[in-house]
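Heads up: the structure comes next, in structure tokens.
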Amino acid sequence: MPATASITTPIYYVNDRPHIGHVYTTTLCDAWARAMRLRGRDTFFLTGTDEHGVKVEKSAAANGVSPQAWADRNAAEFEAVLRLFQQTNDDFIRTTQPRHERQVQLLVERLRAAGALTKGSFEGWYDEGEETYLTETKAKESDYRSPVSGRPLVRAKEENWYFRLSAFAPRLERLFAENPDFVRPAARRNEVLGRLREGLQDVPITRTNFSWGIPMPGDPGHVIYVWIDALLNYVTALGLGDGSAPDRTRYWPADYHVVGKEILWFHAVIWPAMLMALELPLPKCVYAHSFWISEGQKMSKSLGNFIDLPALQGHVDRYGLDALRWFLVTRGPLDATDTDFRVAAFHDAYMAELVNTVGNCSSRVSAMIAKTFEGRMPEDPQAGGEWPARCAAAVQAWESHIDRFELGQATSVAMGLLREVDGFINRTEPFKLAKDPSRRAEVGAILAQCAETVRIAGVLLEPFLPVKTPELAAAFGGVRGSWAERTRWGALKPGSGLVKVALYPRVETAPAA
Ligand code: ME8
């Protein structure tokens, strides 16, 4: 049985339409999952939708449909987007599915049995029209009247169930001290540590002022807070709440929970504490990336600079899906700073890397072999020269970058090999040597070394460029087999057929922003 690998995206809210942010996180996870499968790992990649809560209830009402109908409609759109961007998720969990709801109730029951929940009350100024509490300051400012309707605020008291987060402080401290890589990147970990030092408050985990949620077991009228419901998706999808998916338990704990930085606290602190209370193993790493902004500003509906689905589709129509995925993975906000989505930068990355490096290098080498060696892999009396060691080092570096979720660096390793091949061709000039029949063996050696290196670099690019790399692999001898076989120097045998390829067409000018 091969070792397992497992990765998750956040589950996305169905009160929003899919946009670049969702496609980004999902594409990162998809590239990693593809890389792990390529290496022969038994891989599980989970995504889905978060469908409960007052926001969904309200947007459904505003659209004149039931919350479930609203959730169905928008979840279908999220699923369609996954297919559109060729994501290879192994499951799509929806929090309104019976499998999830049933297990959330069981897991919350277990939290209560473990002594991790208490019932507490909260009292404050309540705006009945808006169904929200106002802080004392806000209430005073508006003369104890609703800032919206002007009606008097009422003094209301609510009883809620609380998760005793504070009780887990010592264990959380130890977790962070003993696992410096539990939260990455490091800048994000430091933020979490700073907040942990301020002390932990217990977390209300039920609500009584709306009904679109999972009922609190044994306490009618209480609905489980949407975040508690949502976090549990990572284990309900694997049947850990009721043992309903025994073939999936091996995928826990997840290697990576990949999330945006705005939801790090839930994943880095509340979720681990819940898992401790449930006596379940913790995920190995919570990776919090930063945000895409658009043409210099935070994306917002009112500014009209939201990179929504039609905008993304426009880029795909013009440049192809590989180009979009490449830009997201290699130029995106994987580290601790936000990234501006500029169309000009997208265009430049496509031209420099996909057209002028991947495309040009593979077409040059395959075309020369087609012309000079009738499309047959030439013999190499030098047995690869320095190239086998260089490729082996690249494969190893790639593997360790993938292990550490350093996706941009993994792509750089492959690009580095192709640039070296380009440099080697420019230095040795096989196209000139080929005019002298007495140097045929030398030309054969050069081209064989180039072809084998391009083939191996192509394998390393497969998780990132899934549309065109199969064409590259087929053109360079169609070598099949395991990861070890496909990345082994010499797998492309002398005499194998090579076909001239043209992978990425030029796009002359960038469209206006
Ligand atoms: O928070 N740049 O769902 P959500 C990069 N349901 N990534 C972005 C982004 C941007 N501008 N905007 C959004 C929720 N994202 C909860 C999660 S998990 C148990 C529950 C991505 O629909 C990023 O991954 O608001 C962010 O964390 C996620 O979308 C938020 O999605």
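The values are calculated or read from the model by the stated rules, or taken from the named source; none is laboratory data. Nothing here was measured: the structure is a model prediction, and the numbers come from that model. Here the Cβ is made from the backbone with ideal geometry for all residues, glycine too, and neighbour counts use every protein chain on show.
Does ARG364 satisfy the condition of being within 21 Å of GLU508 (Cα to Cα), within 16 Å of the ligand (Cβ to nearest atom), surrounded by 18 or more Cβ atoms within 10 Å (Cβ to Cβ) and not hydrophobic (A, V, I, L, M, F, W, C)?
Considered against the rule, which asks whether it is within 21 Å of GLU508 (Cα to Cα), within 16 Å of the ligand (Cβ to nearest atom), surrounded by 18 or more Cβ atoms within 10 Å (Cβ to Cβ) and not hydrophobic (A, V, I, L, M, F, W, C), ARG364 comes out as no.
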Considering residues of segment 280-318 that are at pLDDT below 90 and crowded, with 19+ Cβ neighbours inside 10 Å only, the residue nearest to GLU77 (Cα to Cα): MET299
Extreme residue, nearest to the ligand (Cβ to nearest atom), among residues of segment 277-301 that are closer than 22 Å to TYR12 by Cβ and outside any loop (DSSP other than H, G, I, E, B): TRP292
Test set (1) at pLDDT 95 or above; (2) assigned to a loop (DSSP other than H, G, I, E, B); (3) not hydrophobic (A, V, I, L, M, F, W, C) - GLU130 fails condition number: (1)
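Give the residues of segment 416-439 that are within 14 Å of ILE369 (Cα to Cα) and either touching a residue at least 60 places away in the same chain (Cβ under 8 Å) or surrounded by 14 or more Cβ atoms within 10 Å (Cβ to Cβ) (or both), sorted by residue number. Give the steps one after another, and end with the answer.
Just the residues of segment 416-439 that are within 14 Å of ILE369 (Cα to Cα), to begin with: 425, 429-435.
ILE425, PRO430, PHE431, LEU433, ALA434, listed by residue number.
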Residue that is more than 10 Å from the ligand (Cβ to nearest atom), hydroxyl-bearing (Ser, Thr, Tyr) and outside the structural domain of PHE327 (by TED's automatic domain parsing), where the choices are THR8, THR27: THR27
Condition met for ARG110 (of a type in the set (Lys, Arg), touching a residue at least 40 places away in the same chain (Cβ under 8 Å) and over 14 Å from PRO204 (Cβ atoms)): yes
Candidate set from segment 154-171 (those that are modelled with pLDDT of 95 or more and farther than 19 Å from PRO204 by Cα); member that is surrounded by the fewest Cβ atoms within 10 Å (Cβ to Cβ): PRO170
Single condition LEU240 does not satisfy, out of (1) over 22 Å from the mean Cα position of the chain (by Cα); (2) among the hydrophobic types (A, V, I, L, M, F, W, C); (3) not in a loop (DSSP other than H, G, I, E, B): (3)
Residue match in segment 201-211 (condition: part of a loop (DSSP other than H, G, I, E, B) and within 16 Å of the ligand (Cβ to nearest atom)): yes
Matching entry among ALA510, ALA491 (being surrounded by 15 or more Cβ atoms within 10 Å (Cβ to Cβ), modelled with pLDDT under 95 and not assigned by TED's automatic domain parsing to the domain that holds GLN382): ALA510
Matching entry among ARG506, ARG427 (being more than 30 Å from VAL23 (Cα to Cα) and either out of contact with any Lys or Arg (no Cβ under 7 Å at 6 or more places or on another chain) or outside any loop (DSSP other than H, G, I, E, B) (or both)): ARG427
Within segment 444-489, considering residues that are out of contact with any helix residue (DSSP H, G or I) (no Cβ under 7 Å at 6 or more places or on another chain) and assigned to a loop (DSSP other than H, G, I, E, B), the one nearest to ALA392 (Cα to Cα): ARG488
Output for segment 257-276, where each listed residue is away from the ligand (no atom under 12 Å from the Cβ) and either out of contact with any helix residue (DSSP H, G or I) (no Cβ under 7 Å at 6 or more places or on another chain) or outside the structural domain of GLU173 (by TED's automatic domain parsing) (or both): LEU275
Qualifying residue in segment 44-52 (condition: more than 14 Å from the ligand (Cβ to nearest atom), at pLDDT 95 or above and within 18 Å of the chain's Cα centre (by Cα)): yes
Residue under evaluation ALA75, criteria (1) more than 11 Å from the ligand (Cβ to nearest atom); (2) in contact (Cβ under 8 Å) with a residue 60 or more places away in the chain; (3) touching a helix residue (DSSP H, G or I) at 6+ places or on another chain (Cβ under 9 Å); (4) of a type in the set (A, V, I, L, M), criterion not met: (3)
